[in-house]
1. Would you mind finding the one in Thr293, Thr263, Thr289 that is farther than 23 Å from Gly83 by Cβ and touching a His at 6+ places or on another chain (Cβ under 8 Å)?
2. So is Gly60 over 20 Å from the mean Cα position of the chain (by Cα) and either of a type outside the set (A, V, I, L, M, F, W, C) or surrounded by fewer than 23 Cβ atoms within 10 Å (Cβ to Cβ) (or both) or not?
3. Is it the case that some residue within the stretch 164-187 is in contact with a helix residue (DSSP H, G or I) (Cβ under 7 Å, 6 or more places away or on another chain), within 30 Å of Gly124 (Cα to Cα) and either of a type in the set (Lys, Arg) or surrounded by 19 or more Cβ atoms within 10 Å (Cβ to Cβ) (or both)?
4. Filter the stretch 342-361 down to the residues that are within 12 Å of Phe79 (Cβ to Cβ) and without any contact (Cβ under 8 Å) to a residue 12 or more places away in the chain and list them by number.
5. Would you check if Ala295 is in contact with a Cys (Cβ under 7 Å, 6 or more places away or on another chain), crowded, with 22+ Cβ neighbours inside 10 Å, aliphatic (A, V, I, L, M) and assigned by TED's automatic domain parsing to the domain that holds Leu55?
6. Would you please name the residue that is nearest to His350 (Cα to Cα), looking only at residues in the stretch 162-176 that are aliphatic (A, V, I, L, M) and part of a loop (DSSP other than H, G, I, E, B)?
7. Does at least one position in the stretch 281-295 carry a residue that is hydrophobic (A, V, I, L, M, F, W, C), within 16 Å of the ligand (Cβ to nearest atom) and either touching a Ser or Thr at 6+ places or on another chain (Cβ under 9 Å) or farther than 14 Å from Gly157 by Cα (or both)?
8. Testing Val328 on (1) in contact with a Leu (Cβ under 7 Å, 6 or more places away or on another chain); (2) buried (at least 18 other Cβ atoms within 10 Å of the Cβ), one condition comes back false. Which one is that?
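The values are calculated or read from the model by the stated rules, or taken from the named source; none is laboratory data. Because the structure is predicted, anything quoted here is derived from the model rather than measured. Heads up, the Cβs are rebuilt from the backbone with ideal geometry, glycines too, and the neighbour counts pull from every protein chain shown.
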Amino acid sequence: TSTDVAIVGGGPAGLMLAHLLHRAGIGSVVIDIRTRREIETTHRAGILEQDSVRLLTESGVGDRVLRDGRRHAGIDLAFGGAGHRIDFPSLVGASVQLYPQTDVFTDLADARARDGGDVRFGVGDVSVADIVTDRPLMRFTDADGRPHEVGARVLVGCDGSRGICRSAVPEAERRQYFRAYPYAWFGILCQAPPSSEELIYNHSDRGFALISRRTESVQRMYFQCDPAENVTDWSDARIWEELQQRVRANGYTLKEGPIMSKTVLPFRSFVQETMRHGALVLAGDAAHTVPPTGAKGLNLALADVRVLAEQLELHLRHGDADALERYVERALQRVWKAQHFSYWMTTMLHRLPDASGFDVRRQVGELTSVATSRAASTYLAEGYTGWPS
Ligand code: DHB
């Protein structure tokens, strides 16, 4: 087979890129080692920036986000015994939408199927070859183990932080910037009514907790834990006790219910530069990872492929030789702003395992500044709702 753009990875980044290219009349083949069902049942974040919603609606895949998404005009920062609301519209004239990443994926997968897109889930033995030629290759095996090869003009790695594409760039040609954190999130989905209208980002002496939501009867919550924590050590009762203690310190009470899913999510910050080598371009988590606080991961991936689709069109249709380099420049500006924002939200709200009294009081001072300074809360609102591009 041969196509214009071969895309490794059929998550939201890969599918949105294929969708945008299709709208521009550019062909693609997308592969993913996961089945569609595996992707649809892996719970991810739930907040879409204003421009992510716009990208979905303007490209014709926004029906469900407009119908089922829930507008959030602010968040509660909870610390020092009380909640403090950050109001996005009055600070930056924007808001965000609560709409789960798994639903974004479903909408895009349905759109690809409807438009006759070539998307192959559940493939094996993925590799890329000849990436510094003008005829790079993507290789894989299908469900029956038969080998396939797709030749393309450009290869795009949208295969996430554990994919093969980032390491297909030779070591001498790449730099990896990395930061680890001494904590993780314990994430749950539970059957209960919402505990709060808006999301609560909760700082406490026992560590961070995030109260999010999904539907009127299913809620999403997280609490900071040790990265080595074992979900089997946590009964529903123990989880509720921990969550309640953390939010009670700031005057909240959670509505409890049966817990349907328990997972530990690792934290890290990562960027690989540059984001292109020859005819191989990286987008989304394949090029960069952020810790989850602030929900930047999906939004950053969508921002990457929006710019990449434009630059690919210039490259493929108009032979603009610098177009892919300009993708990298445009993307990296946002990537590092989002890296800082995610790092900042994370370190402001989480408790270090060896935190001193100074560390905790300084955090409360920082949170007080954010909650009471219009300049500081405007920075939070800008980052949370997303920078213009
Ligand atoms: C959710 C996840 C986040 O990391 C965040 O900052 C806000 C919401 C969520 O899953 O709902």
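1. Of Thr293, Thr263, Thr289, the one residue that is farther than 23 Å from Gly83 by Cβ and touching a His at 6+ places or on another chain (Cβ under 8 Å) is Thr263.
2. yes
3. Checked against the condition, which is being in contact with a helix residue (DSSP H, G or I) (Cβ under 7 Å, 6 or more places away or on another chain), within 30 Å of Gly124 (Cα to Cα) and either of a type in the set (Lys, Arg) or surrounded by 19 or more Cβ atoms within 10 Å (Cβ to Cβ) (or both), the stretch 164-187 yields at least one hit.
4. The answer is Arg361, and nothing else.
5. Taking the combined requirement at face value, the residue does not satisfy it.
6. Restricting to residues being aliphatic (A, V, I, L, M) and part of a loop (DSSP other than H, G, I, E, B), the top hit is Ile164.
7. There is at least one residue in the stretch 281-295 that is hydrophobic (A, V, I, L, M, F, W, C), within 16 Å of the ligand (Cβ to nearest atom) and either touching a Ser or Thr at 6+ places or on another chain (Cβ under 9 Å) or farther than 14 Å from Gly157 by Cα (or both).
8. All conditions pass for Val328, except number (1).
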